[in-house]
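Working notes, structure below.
Throughout, read-outs are computed from the coordinates displayed, never taken from laboratory work. Since we're looking at a predicted model, the values are computed, not measured. FYI the Cβ positions are ideal-geometry reconstructions off the backbone, even for glycines, and counts take in every protein chain you see.
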Ligand code: BTN
């Protein structure tokens, strides 16, 4: 049975369900009402984007928030996680669309899935250990390691702070490590190479390629330079 409490943030009532262990907070959150937050100390079947495994031993933050769909949610979520990490002394940046990195190493991941008309925003943050080679954590990156509940509250506060879309885009652009880099983006089975020159008002990556400017809505991006 989870520990249940309510959280009131910016006039919204959230219902927080805390478990010691689940298979995946994304799975538990499916079908629960908007405003529910599921958090677990560890997951046995955590998953990330493209169906990849998300190793989830104790010592990380694993949470899923059930939300009303909004167009800029991926960007808002990236900004909220990066800003919450800044509050722990971590100079987090965003690799488009919403990998959270420090010095090019991944410290947090964001997964957004649709379920019954709602969006389930999944957030995984490495607090203590490094579950994958090449990743990092708040402790390893030299930050002040918060308790998972404390970091989650910071993220939710940032996420629910009323902010017009233009301001979200502006903050996202400031935090985005992809802009200015040579990149390769996997879109379906195609790979598009180019220089990332910006993020447009819909959150698309603006890429200068040999064939002209391309606007990319979704895909997996690799930084090739810098
Ligand atoms: C990614 O970078 O691929 C996204 C990773 C998202 C992981 C989180 S951990 C909490 C939630 N539950 C899951 O099974 N996945 C997300």
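Values as computed for the structure displayed
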| quantity | calculated |
| --- | --- |
| Simple spin-label estimate for residue 50 and residue 7 in nanometres, 7 Å along Cα-Cβ | 3.0 |
| Residue exposure sequence - 202, 64, 24, 56 - by fewest surrounding Cβ within 10 Å | 202, 24, 56, 64 |
| Region 70-135: equivalent-ellipsoid semi-axes (sqrt of 5 x gyration tensor eigenvalues, Cα, Å) | 22, 13, 10 |
| Separation of alpha-carbon centers, region 166-216 and region 72-108, rounded to whole Å | 16 |
| Residues residue 195 and residue 165, FRET efficiency given R0 of 25 Å [Cβ-Cβ distance, rounded to 0.05] | 0.45 |
| Packing-based order for 117-127, 98-108, using average beta carbon neighbours within 10 Å, highest first | 117-127, 98-108 |
| Highest-first arrangement of 160-169, 6-15, 66-75, where packing means the average Cβ count within 10 Å | 66-75, 160-169, 6-15 |
| Helix-only CD estimate at 222 nm, as mean residue ellipticity for the chain, using -39500 (n - 2.57) per DSSP H run (n ≥ 4) | -5500 deg cm²/dmol |
| Cα gyration tensor shape for region 158-211, rounded if a/c is under 1.5, else prolate or oblate | prolate |
| Per residue Cα convex hull volume in Å³ - calculated over region 1-71 | 108 |
| Convex hull of region 1-121 built on C-alpha atoms - directionally averaged projected area, nm² | 7.8 |
| Kirkwood Rh in Å, taken over all unlike Cα pairs in region 106-191 | 15.8 |
| The chain - percent relative contact order, Cα under 8 Å, separation 6 or more | 16 |
| Choice from 130, 112, 192 showing the highest fluctuation, given a GNM over the chain with Cα pairs closer than 10 Å | 192 |
| Residue 68/residue 208 FRET efficiency (R0 30 Å; Cβ-Cβ; nearest 0.05) | 0.30 |
| DSSP beta bridges in the chain [antiparallel fraction, %, rounded to 5] | 85 |
| Unit Cα scatterers, Debye sum, the chain: log10 I(q)/I(0) for q = 0.11, 0.14, 0.17 Å⁻¹ | -0.52, -0.86, -1.27 |
| Choice from 116, 129, 31 showing the highest fluctuation, given a GNM over the chain with Cα pairs closer than 10 Å | 116 |
